[in-house]
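The values are calculated or read from the model by the stated rules, or taken from the named source; none is laboratory data. The model shown is predicted, which means the values in this text are computed figures rather than measured ones. All Cβ positions, glycine included, derive from the backbone under ideal geometry; neighbour counts span all protein chains shown. Each accessible area value is taken on the protein alone, full model and side chains, heavy atoms only, with ligands, DNA and RNA left out. Shrake-Rupley method; radii C 1.70, N 1.55, O 1.52, S 1.80 Å.
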Amino acid sequence: MEYIIREIAQKDKAEVISMMTKFYASPCVATNGSHEIFSADLDACISDNPYLEGYVFESENDILGYAMLAKSFSTEYGKPCIWVEDLYIKEAFRGLGIGSRFFGFIEEKYKHAIFRLEVEEENTRAINVYKKAGYDFMPYKEMKK
């Protein structure tokens with residue numbers, strides 16, 4: 001299947017929010033999010049916000065999925081850190097290598113960065129994709145406030 005990876009644009013907002021709603025309501029994500037949060041996320045992706053960028057996977061004007069990356073710096077590794085915040089592919093397009101290709105895309109774009117992501121233990125399909133892309137579990141738990 002031919003498709004492109006491109007930055008999220010204003011015209012994509014409704015469809016990406018629809019995908020985010022499905023993604024965040026699934027067992028793959030620990031929080032449910034809200035329309036307000038999803039809209040703020042997309043506004044940050046579309047604006048010149050230096051911390052968040054978003055992408056869609058598009059084939060002949062059909063959006064197959066989306067991804068969002070958050071940028072920070074890792075003092076633990078002494079280099080930029082790219083967090084894969086969201087990676088969602090519509091069910092009909094899973095298993096076609098879109099996730100693997102996206103990992104190659106970001107690794108080429110951010111050659112000198114460390115990449116991190118979170119995954120629910122039950123999401124074995126995603127874990128297999130991430131492991132195939134070279135990701136491994138870290139030996140500690142993350143905390144939040």
Exercise. Give region 116-135 a look and list any residue that's among the charged types (D, E, K, R) and crowded, with 16+ Cβ neighbours inside 10 Å, or say none.
Key: Arg116
Exercise. Return yes when Ala70 is more than 22 Å from Ala25 (Cα to Cα), without any contact (Cβ under 8 Å) to a residue 40 or more places away in the chain and in contact with a strand residue (DSSP E or B) (Cβ under 8 Å, 6 or more places away or on another chain) and no when it is not.
Key: no
Quiz item: Mind checking which residues of region 12-37 are open to solvent by less than 70 Å² (accessible area, probe 1.4 Å), of a type in the set (A, V, I, L, M, F, W, C) and under 19 Å from Val119 (Cα atoms)?
Solution: Met19, Met20, Phe23, Cys28, Val29
Quiz item: List the pairs whose first member sits in region 41-64 and is in contact (Cβ under 8 Å) with a residue 60 or more places away in the chain, whose second member is of a type in the set (D, E, K, R) and open to solvent by 20 Å² or more (accessible area, probe 1.4 Å), and whose Cβ atoms are under 6 Å apart, counting only residues at least 6 apart or on separate chains?
Solution: Leu64/Lys90
Quiz item: Name the pairs: first residue in region 1-18 and closer than 17 Å to Gly104 by Cβ, second residue of a type in the set (S, T, N, Q) and surrounded by fewer than 16 Cβ atoms within 10 Å (Cβ to Cβ), Cβ to Cβ under 7 Å, at least 6 apart or on different chains?
Solution: Met1/Ser59; Glu2/Ser59; Tyr3/Ser59
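Here is a yes/no grid of residues against (1) surrounded by 13 or more Cβ atoms within 10 Å (Cβ to Cβ); (2) not small (Gly, Ala, Ser):
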position	(1), (2)
Gly54	yes, no
Asn61	no, yes
Val84	yes, yes
Ala113	yes, no
Practice problem: Select from region 39-52 the residues that are touching a strand residue (DSSP E or B) at 6+ places or on another chain (Cβ under 9 Å) and of a type outside the set (Gly, Ala, Ser) and write down the one among them that is surrounded by the fewest Cβ atoms within 10 Å (Cβ to Cβ). | Solution: Pro50
